[in-house]
Amino acid sequence: MIVFGYRLPGMSSLLVWGLLWEIIGQMKLTFFVPPLTKVMATLFEVIATSAFQKALAETAYAFGAGVFFAIVIGIPVGILMGKNRLLDELLLPWVNVFLSAPLTALVPVLMVLFGFGMKSIIITTTLFAIWIIILNSRAGVKQINRSLVEMAHSFGASPVDAFFKIYFWAALPEILGGVRIGIIRAVKGVIIGQLLISIVGFGALFELYSANFLMSHFWAVLIVLFALAFSISEFLAYLERRVAYYAAKR
């Protein structure tokens with residue numbers, strides 16, 4: 001960020017917004033926005049409680065399982081769609097539909113089909129993340145230089161060898177980009193699942209704190225959730241930069 005010709009550190013905008021948050025909170029314009037200092041003090045109290053640790057474990061389990069299934073299903077399907085024209089024409093319309101559709105409307109259907117437990121939450125998380133991973137994997141395969149594929153075939157590479165040694169690595173920058181966006185969408189999916197399907201994890205804490213107007217506790221948990229999502233996203237962005245040379249080599 002550049003102010004009056006001076007380059008400030010990248011996190012300076014957060015300090016500005018934090019200061020604005022503190023000023024609004026101290027002015028007591030609304031109970032919904034307590035002072036940031038009070039929120040941070042509450043944060044250290046909340047994270048030491050067993051309720052928070054249990055909620056974190058439940059949310060991490062649902063989030064991790066949902067992202068895992070989105071990755072192990074989405075990447076192969078996207079690569080196969082990029083390789084096979086018939087499969088691409090069959091699946092691409094449905095992938096675009098589910099990517100643009102309000103997936104929250106499907107939650108009642110999942111509740112009927114899979115019940116009110118953790119299984120439905122994991123499936124919801126997967127559905128929020130998988131479509132962008134499929135599209136990005138497909139786009140990465142579409143960018144591959146055909147000479148790389150022809151070279152693999154000329155050296156007798158099997159379809160499995162070509163899949164893992166050519167298509168996957170050549171499409172890796174786009175795959176990681178899709179995974180990063182998918183993980184951000186998965187955070188939304190797991191919280192929606194925990195609020196609508198089964199009141200567990202962070203969803204239970206949000207419900208409890210908002211119902212009792214404990215806004216400093218509410219914002220404290222929300223900050224933890226945002227921080228975790230931001231950290232994972234930045235780590236994957238770092239990996240994207242590290243493998244960017246694959247895009248040039250292909």
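The values are calculated or read from the model by the stated rules, or taken from the named source; none is laboratory data. Since the model is a prediction, treat every value here as computed from it, not as a measurement. Cβ sites come from the backbone with ideal geometry, for glycine too, and all protein chains shown count toward neighbours. Just so you know, the surface numbers come from the protein's heavy atoms only, side chains and all, with ligands and any DNA or RNA stripped out. Shrake-Rupley method; radii C 1.70, N 1.55, O 1.52, S 1.80 Å.
At-a-glance table
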item	result
Test: residue in region 233-246 that is over 24 Å from ILE121 (Cβ atoms), aliphatic (A, V, I, L, M), modelled with pLDDT of 80 or more and surrounded by 19 or more Cβ atoms within 10 Å (Cβ to Cβ)	no
Some residue of region 176-184 being open to solvent by 40 Å² or more (accessible area, probe 1.4 Å), assigned to a helix (DSSP H, G or I) and modelled with pLDDT under 85	no
Residue tally, condition within 23 Å of GLY178 (Cβ to Cβ) and either open to solvent by 10 Å² or more (accessible area, probe 1.4 Å) or without any contact (Cβ under 8 Å) to a residue 24 or more places away in the chain (or both), over region 111-133	8
Only one of VAL160, VAL243, VAL221 that is in contact with a helix residue (DSSP H, G or I) (Cβ under 6 Å, 6 or more places away or on another chain) and farther than 29 Å from LEU110 by Cα	VAL243
Residue under evaluation PHE163, criteria (1) open to solvent by 70 Å² or more (accessible area, probe 1.4 Å); (2) assigned to a helix (DSSP H, G or I), criterion not met	(1)
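For (1) open to solvent by 40 Å² or more (accessible area, probe 1.4 Å); (2) assigned to a helix (DSSP H, G or I); (3) in contact with a Pro (Cβ under 8 Å, 6 or more places away or on another chain); (4) not aromatic (Phe, Trp, Tyr), each residue gets a yes or a no:
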| residue | (1), (2), (3), (4) |
| --- | --- |
| ALA57 | yes, yes, no, yes |
| TYR61 | yes, yes, no, no |
| VAL67 | no, yes, no, yes |
| GLY78 | no, yes, no, yes |
| ASP88 | no, yes, no, yes |
| LEU91 | yes, yes, no, yes |
| VAL95 | no, yes, no, yes |
| PHE98 | yes, yes, no, no |
